[in-house]
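The values are calculated or read from the model by the stated rules, or taken from the named source; none is laboratory data. Since we're looking at a predicted model, the values are computed, not measured. Note: ideal-geometry Cβ built from the backbone for every residue, glycine included; neighbour counts use all protein chains shown.
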Amino acid sequence: MDKRFLIKYLNGNSPVGLEYEIGGQKIWMDHLLKITGNVDMDDYGTAYSVIGNKDSDFKVIIEAHCDEVSWLVSSINSNGYINVIKNGGSDPTIAPSMRVILWGEKGPINGVFGHPPIHKKDRSEKSDIKSIFIDVGGSSKKDVISMGINIGTVVTFDAKFMKLGNDYYSGKSLDNKIGGFIISEVAKMIVDNNIKLPYKLYIVNSVQEETGLNGSKMISGKIKPNIAIVTDVCQETSSPCYIKNKQVDLTCGQGPVITRSPAVHNKLRNIVIKTSNDEKIPIQLSASSSTTGTDTESFAFSNNGVPSVLISIPLKYMHTTVETCHKLDVENAIKLMYNTLLNIEENHNMKYNSN
């Protein structure tokens, strides 16, 4: 695996709505251009590259999303302290004492989520969106605005990639940059092995998943795929945060997760599971009776229905600055997606009443 790209990509910033402008999506695009020789994007910033049989009308997508949860400046008080609102599923309870970057009009500005000391007996016991605030070292509202910060300025956590032990990757925005890494590695394997796919393959890195699966909805309408293989993260449940008898038992290092859900096409899911068995790739199984909460729904319920499947990476501490996954799950997800693509034919009949 290309560890240098992985670290660079995870350390990049791609807040919802500004995925390309702040650089995270551009890192991915530059990398894919080196692999495939082509890369493009739609008007809202979803990026894609095309390989395989470009003359084929049969289109397969492998997809991840590049956006990360963040914050937006909502007000600045007279003393220069900044209030924020969520940009995606940001968690106010982890914000106090975190370092942040405010992406102002004059360039990035360092800041901190301030927090009263433990000595202050009447401080709030629980942080929420009303109690958190950012300090950028400004003494007044005018001072802060002069730095290039104003209403709507986007804010990201300032956190870097690190390894935990020998086997774990940790940092912010593994949800779902780890998926963007996986699909790039699959594309690299296909190109390096000179695989002649019989269909047209789109490698897609979508935007705005965290605020409503928006980017995948748009790109599905643009590409109109015949099959979609989505990769994202799911909740790992071995840590003390979970009650075992109330949660699906999913553990880091035991393999990528294959979900059964209404949006997941049963025949395509069976192809993935058969591939895992044939190639001796460990997997874990999960189920959702309603929605997966991922871009799978965007593809499945678009263009009169697109057979879609979800391959997930078990993730600890989702939507924090220390999201953590196991490198073996990443490696096995790459192998599983790669070999699944080799088992899909041009004009593959996905109707349930066909052989």
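In the set (1) more than 22 Å from the chain's Cα centre (by Cα); (2) modelled with pLDDT under 90; (3) not aliphatic (A, V, I, L, M), Thr275 fails one condition alone, (2). The condition of being part of a loop (DSSP other than H, G, I, E, B), in contact (Cβ under 8 Å) with a residue 40 or more places away in the chain and surrounded by fewer than 24 Cβ atoms within 10 Å (Cβ to Cβ) holds for only one of Pro225, Pro198, that being Pro198. Annotation note: Cβ proximity below 8 Å between a residue of segment 334-346 that is within 16 Å of Lys59 (Cα to Cα) and a residue that is small (Gly, Ala, Ser) and at pLDDT 95 or above (sequence gap 6+ or interchain) occurs for Glu346/Ser56. So, of the residues in segment 233-258 that are outside any loop (DSSP other than H, G, I, E, B) and in contact with a helix residue (DSSP H, G or I) (Cβ under 8 Å, 6 or more places away or on another chain), which turns out to be farthest from Val309 (Cα to Cα)? Top of the filtered list is Val233.
Applying the condition of being acidic (Asp, Glu) and free of Cβ contacts under 8 Å to residues at least 12 places away in the same chain to segment 22-42 and asking which residue is farthest from Glu63 (Cα to Cα) yields Asp30. Residues that are closer than 18 Å to Gly23 by Cβ and of a type in the set (A, V, I, L, M) within segment 78-123 comprise Val100, Ile101, Leu102, Ile109, listed in sequence order. Contact map, segment 158-171: first residue within 25 Å of Pro15 (Cα to Cα), second residue in a loop (DSSP other than H, G, I, E, B) and aliphatic (A, V, I, L, M), Cβ cut-off under 7 Å, separation 6 or more or different chains; pairs are Ser170/Val322; Gly171/Ala159. Give the residue, chosen from Asp2, Asp67, that is closer than 28 Å to Thr324 by Cα and modelled with pLDDT under 95. From the options Asp2, Asp67, the qualifying one is Asp2. Restricting to segment 242-273, and then to whatever is closer than 26 Å to Thr211 by Cα and aliphatic (A, V, I, L, M), can you tell me which residue is surrounded by the fewest Cβ atoms within 10 Å (Cβ to Cβ)? Looking at the filtered set, the residue picked out is Val248. Go through Val230, Val186, Val264, Val191 for me and flag whichever is modelled with pLDDT of 95 or more, assigned to a loop (DSSP other than H, G, I, E, B) and either acidic (Asp, Glu) or in contact with a helix residue (DSSP H, G or I) (Cβ under 7 Å, 6 or more places away or on another chain) (or both). Only one candidate qualifies: Val264.
Given the structure, is Asn83 assigned to a strand (DSSP E or B), of a type outside the set (Ser, Thr, Tyr), surrounded by fewer than 19 Cβ atoms within 10 Å (Cβ to Cβ) and not assigned by TED's automatic domain parsing to the domain that holds Val309?
Details: assigned to a strand (DSSP E or B): yes; of a type outside the set (Ser, Thr, Tyr): yes; surrounded by fewer than 19 Cβ atoms within 10 Å (Cβ to Cβ): yes; not assigned by TED's automatic domain parsing to the domain that holds Val309: yes.
So Asn83 passes the test.
Across segment 284-317, the number of residues qualifying as under 16 Å from the mean Cα position of the chain (by Cα) and of a type in the set (S, T, N, Q) comes to 5.
When only residues in segment 19-67 that are assigned to a strand (DSSP E or B) and among the small types (Gly, Ala, Ser) count, which is farthest from Leu213 (Cα to Cα)?
If we filter segment 19-67 for residues that are assigned to a strand (DSSP E or B), which is where we start, we get 40-41, 47-52, 59-65.
Still in the list and also among the small types (Gly, Ala, Ser): 47, 49, 52, 64.
Working: Ala47: 15, Ser49: 20, Gly52: 27, Ala64: 11 Å.
Selected residue: Gly52.
Out of Ser354, Ser290, Ser276, Ser312, report the one residue that is surrounded by fewer than 14 Cβ atoms within 10 Å (Cβ to Cβ), touching a Pro at 6+ places or on another chain (Cβ under 8 Å) and not β-branched (Val, Ile, Thr).
Step by step, each of Ser354, Ser290, Ser276, Ser312 is checked, and only Ser290 is surrounded by fewer than 14 Cβ atoms within 10 Å (Cβ to Cβ), touching a Pro at 6+ places or on another chain (Cβ under 8 Å) and not β-branched (Val, Ile, Thr).
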